[in-house]
Amino acid sequence: MRISARADYAVRAALQLAHARDGGPLKAEAIADAQDIPHKFLEGILNDMRRGGLVLSQRGGKGGYRLAKAPEEISIADVIRVVDGPLVSVRGVRPPELSYTGPAESLLPLWIALRANVRQILDGVSLADVASAELPDEVLALTRDPGSWTNP
């Protein structure tokens, strides 16, 4: 699985909005500056997030963006799906729509298992979890293996 720049920026923008939740709407420029995200790119991402129901926008001098729901109600997976589509695909196709034959036949359950694990982690972590630096124990347990931090 590869996390695109678009997904990374979207999650970081959502976290910035979660952090500023009680302070009113944030302007796109403020989010871009705080997270070092190219402003024009962020505008497109925020529009996708608005269309996807994750953020609300308000026009005017006191306008900007805010989360449409509490940070506890928005998973990291929700954000990624809104800007990038399915969490796991193979050649742009969702695993259940694939079929293999011969020695490659067991690839399908492998892709399904991969998708299930990605979903378990990303659906199980909310913006509030990340913003408060309180990741679920299951996620932290995976990071305790030194091999998780190195590239083979």
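Data for the structure
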quantity: Förster radius 25 Å - calculated FRET efficiency between Ala116 and Lys27 (Cβ-Cβ, nearest 0.05); calculated: 0.05
quantity: Folded to 0 to 90 degrees: helix 5-19 orientation relative to the chain principal axis, Cα; calculated: 50 degrees
quantity: Angle in degrees between helix 107-123 and the longest Cα principal axis of the chain, rounded to the nearest 10; calculated: 30 degrees
quantity: Vicinal HN-Hα couplings computed from phi for segment 58-64 (Karplus, 6.51 cos²θ - 1.76 cosθ + 1.60; Hz; Gly/Pro x); calculated: 9, 7, x, x, 9, x, x
quantity: Average Cα contact separation per residue, the chain, under 8 Å, 6 or more apart, as relative contact order %; calculated: 23 percent
quantity: From phi via Karplus (6.51, -1.76, 1.60), per-residue ³J(HN,Hα) for segment 67-83 in Hz, x at Gly/Pro; calculated: 5, 7, 9, 4, x, 5, 9, 10, 8, 4, 4, 4, 5, 4, 4, 5, 9
quantity: Cα-based shape type of segment 13-66, given that a ≥ b ≥ c are square roots of the gyration tensor eigenvalues and the cut on a/c is 1.5; calculated: rounded
quantity: Amide H contacts of Val55 (H built 1.01 Å from N, under 5 Å, at least 5 apart or other chain); calculated: Arg50, Ala68
quantity: Protection proxy ranking of 39-45, 145-151 - average other beta-carbon atoms within 10 Å, highest first; calculated: 39-45, 145-151
quantity: Peptide ranges 12-22, 103-113 listed from the most packed, as the mean C-beta count within 10 angstrom indicates; calculated: 12-22, 103-113
quantity: Global geometry of segment 49-152, whether rounded, prolate or oblate, following the gyration tensor of its Cα atoms and the 1.5 cut on a/c; calculated: oblate
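Every read-out reported here was derived from the displayed coordinates using simple, explicitly stated rules and does not represent laboratory data. From a predicted model like this one, the values you see are computed outputs, not experimental measurements. Neighbour counts run over all protein chains shown; Cβ positions are idealised from the backbone, glycine included.
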